[in-house]
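Asks: First, the structure itself, so that you have it in front of you.
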Amino acid sequence: MRGIYAGLCLYLFLAALNILGSGLGTFGGESDFLERLFAYGQNPFIALMAGVFVTMIVQSSSFTSALIVTLVATGEMTLGTAVFAIMGANIGTAVTGVIVALANIRIKRNFRRSFTAALLHDLFNILTVFVVFPIELITGALHESGRGIFSQLAASLANVIGLEEVARPDSPIRVITRPLVYGFDNLGAWLMPTTAAAGLLVAGLGLLLMFISLVMMVKNLRGALLRHMDGLFRTYFFKTDLRSYVIGVVSTVLVQSSTITSSLMVPLAGAGIVRIRRVLPFMMGANLGTTVTSILAATANPIAAAMTVALFHVIFNLTGTAIWWPLRKLPMRIATWYGKLAARKAVYAFGFLLGVFVVIPLLGITITEMLIRL
């Protein structure tokens, strides 16, 4: 019965993520807000911050990547600048894990582990951006094309690789949750007078459903299911860092969403099923796994920029793994330290969420725009 209950909680959680994304996507598409936010993306700093903010809104780096490719194809954003927006999308997609961790805020021990696991995903992307961004910016300024070393490598690989066009794969998670998503979309359209308002309502209902399903899931994990599955997870699935990394890649390829796999890892770590030391390799693998879907989707698009952006995404995550795998103790120490602070005072958790994903991106866009006008 606990297994059936866990399956129901998992289904509601996955459906809630897609309902949230559907509602926010509807609002963004109707209000034209996302396209206008990227309209100033010719500046690398604004592109980075916009990538963070847009992905935080739509809860999907895949959506942001597709939007960036469209802007590149229509000439509204250069390929050299688009790669900076992709970096921002990597940071923005980690916001879901932080939100998921907040569901455990009433239980300090579980919340500390959950928030630390979410921070590891954030720190991997943030620290990688700190390394890749200046290198790409400086090498781009020195090159006649304006493209940095990483985007040049991605463009070269896109020209060399010859892949036949394939249809964009339909995520199995989207297929099984589609009836519930359609139901919420229809409910929003019936209750609200405008499409934009309906999108916001659906997003709010999706967020509420996500918290409810997470609370139910965590309670179940702390019961008999935890005692039966604990040994299997510790001794097999997440026994070593390398195995955790492979599980992250494979699971993300199967569900075609790093948001889902990384968000599922947060309550597992919070319940003590997965050790914190195995979370970072899993998150690295999940980041790489999500790029496979982007490559498959890009091969269905005849625009060369689509493959270049997708390959840059791969290079970005491989570079981050190459840097932080041997140095993984550094992000783990930072995440553990801040996770303890957040467990003692919840204001640190909300401060990180609002600061990294809302205040800093909006402030960065504003300040950069003011400097440009001066």
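Asks: Pull up segment 341-371, narrow it to residues that are surrounded by 15 or more Cβ atoms within 10 Å (Cβ to Cβ) and not aliphatic (A, V, I, L, M), then point me to the one that is farthest from Asp122 (Cα to Cα).
Replies: Top of the filtered list is Thr368.
Asks: Among the residues of segment 107-116, write down those that are among the hydrophobic types (A, V, I, L, M, F, W, C) and either in a helix (DSSP H, G or I) or in contact with a strand residue (DSSP E or B) (Cβ under 9 Å, 6 or more places away or on another chain) (or both). Give the derivation first.
Replies: Quick first cut of segment 107-116, residues among the hydrophobic types (A, V, I, L, M, F, W, C) only: 107, 111, 115.
Answer for segment 107-116, where residues must be among the hydrophobic types (A, V, I, L, M, F, W, C) and either in a helix (DSSP H, G or I) or in contact with a strand residue (DSSP E or B) (Cβ under 9 Å, 6 or more places away or on another chain) (or both): Phe111, Phe115.
Every residue, every condition in (1) assigned to a helix (DSSP H, G or I); (2) at pLDDT below 90; (3) more than 29 Å from Leu10 (Cβ to Cβ), yes or no:
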site: Phe124; (1), (2), (3): yes, no, no
site: Thr128; (1), (2), (3): yes, no, yes
site: Leu137; (1), (2), (3): yes, yes, yes
site: Ala158; (1), (2), (3): yes, yes, yes
site: Glu164; (1), (2), (3): no, yes, yes
site: Pro169; (1), (2), (3): no, yes, no
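Asks: If we keep just the residues of segment 237-267 that are more than 18 Å from the chain's Cα centre (by Cα) and at pLDDT below 85, which is surrounded by the fewest Cβ atoms within 10 Å (Cβ to Cβ)?
Replies: This residue is Lys239.
Asks: If a residue counts only when it is modelled with pLDDT of 75 or more and hydrophobic (A, V, I, L, M, F, W, C), which helices (runs of 4 or more DSSP H) contained entirely in segment 25-106 have at least 1 such residues?
Replies: Hits in segment 25-106: 44-58, 79-92, 95-101.
A quick yes/no check of all residues on (1) among the small types (Gly, Ala, Ser); (2) free of Cβ contacts under 8 Å to residues at least 24 places away in the same chain:
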| position | (1), (2) |
| --- | --- |
| Val309 | no, no |
| Gly320 | yes, no |
| Trp324 | no, no |
| Lys329 | no, yes |
| Leu354 | no, yes |
| Pro361 | no, no |
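The values are calculated or read from the model by the stated rules, or taken from the named source; none is laboratory data. All values reported here derive from a predicted model rather than from experimental measurement. Virtual Cβ from ideal backbone geometry, glycine too; neighbours counted across all protein chains shown.
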